[in-house]
1. Somewhere in segment 2-12, is a residue at pLDDT 90 or above, more than 21 Å from residue 121 (Cβ to Cβ), out of contact with any helix residue (DSSP H, G or I) (no Cβ under 7 Å at 6 or more places or on another chain) and surrounded by 11 or more Cβ atoms within 10 Å (Cβ to Cβ)?
2. Looking only at segment 12-29, decide whether some residue is within 18 Å of residue 113 (Cβ to Cβ) and either touching a residue at least 12 places away in the same chain (Cβ under 8 Å) or within 14 Å of the chain's Cα centre (by Cα) (or both).
3. If you scan segment 14-43, which residues turn out to be surrounded by 12 or more Cβ atoms within 10 Å (Cβ to Cβ) and assigned to a loop (DSSP other than H, G, I, E, B)?
4. Being closer than 21 Å to residue 109 by Cβ and surrounded by 15 or more Cβ atoms within 10 Å (Cβ to Cβ): is that true of residue 51 here?
5. Filter segment 85-105 down to residues that are without any contact (Cβ under 8 Å) to a residue 12 or more places away in the chain and under 23 Å from residue 39 (Cβ atoms), then give me how many there are.
6. Grab the strands (runs of 3 or more DSSP E) fully contained in segment 58-132, keeping just those with 1 or more residues being exposed (fewer than 15 other Cβ atoms within 10 Å of the Cβ) and touching a helix residue (DSSP H, G or I) at 6+ places or on another chain (Cβ under 8 Å).
7. Name the residue, out of 29, 87, 55, that is farther than 23 Å from residue 14 by Cβ and touching a strand residue (DSSP E or B) at 6+ places or on another chain (Cβ under 6 Å).
């Protein structure tokens, strides 16, 4: 089975978003730079030294800047896969669509979004191997 390991949501104003989730839920935000697409990582629970949630089944998330040229900018989940190319083939064979190619996220792994048979944008991540995980 492939678990959900991350969630993503769009944001118009990442400073406002970070303050909202910190105030409402105690989440901690880490704003990345231009080299990482101005993505904002959020920790939703206590983490270990590698940044992974300590609580079994807990996940962290992230916010990406809204862009007028990107389709389906809605909250979505990220599913961990062992082999992203193989998983892309399975998504297509099952009736989904993978409109792009995987991108490398430095220090994280390979990532690609897809659309399921219901039109939902979902993503897959082939994580880099981490010691102890």
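1. So far as segment 2-12 goes, no, none of its residues is at pLDDT 90 or above, more than 21 Å from residue 121 (Cβ to Cβ), out of contact with any helix residue (DSSP H, G or I) (no Cβ under 7 Å at 6 or more places or on another chain) and surrounded by 11 or more Cβ atoms within 10 Å (Cβ to Cβ).
2. no
3. Those that are surrounded by 12 or more Cβ atoms within 10 Å (Cβ to Cβ) and assigned to a loop (DSSP other than H, G, I, E, B): 27, 32, 37, 38, 39.
4. Values: closer than 21 Å to residue 109 by Cβ: yes; surrounded by 15 or more Cβ atoms within 10 Å (Cβ to Cβ): no.
So residue 51 does not fit the description; no.
5. 3
6. Qualifying strands (runs of 3 or more DSSP E): none found.
7. Sole residue among the options that is farther than 23 Å from residue 14 by Cβ and touching a strand residue (DSSP E or B) at 6+ places or on another chain (Cβ under 6 Å): 87.
The values are calculated or read from the model by the stated rules, or taken from the named source; none is laboratory data. Computed from a prediction, not measured in an experiment: that's the story for all the values here. Every residue, glycine as well, gets a Cβ built from its backbone with ideal geometry; the counts of neighbours run over all protein chains shown.
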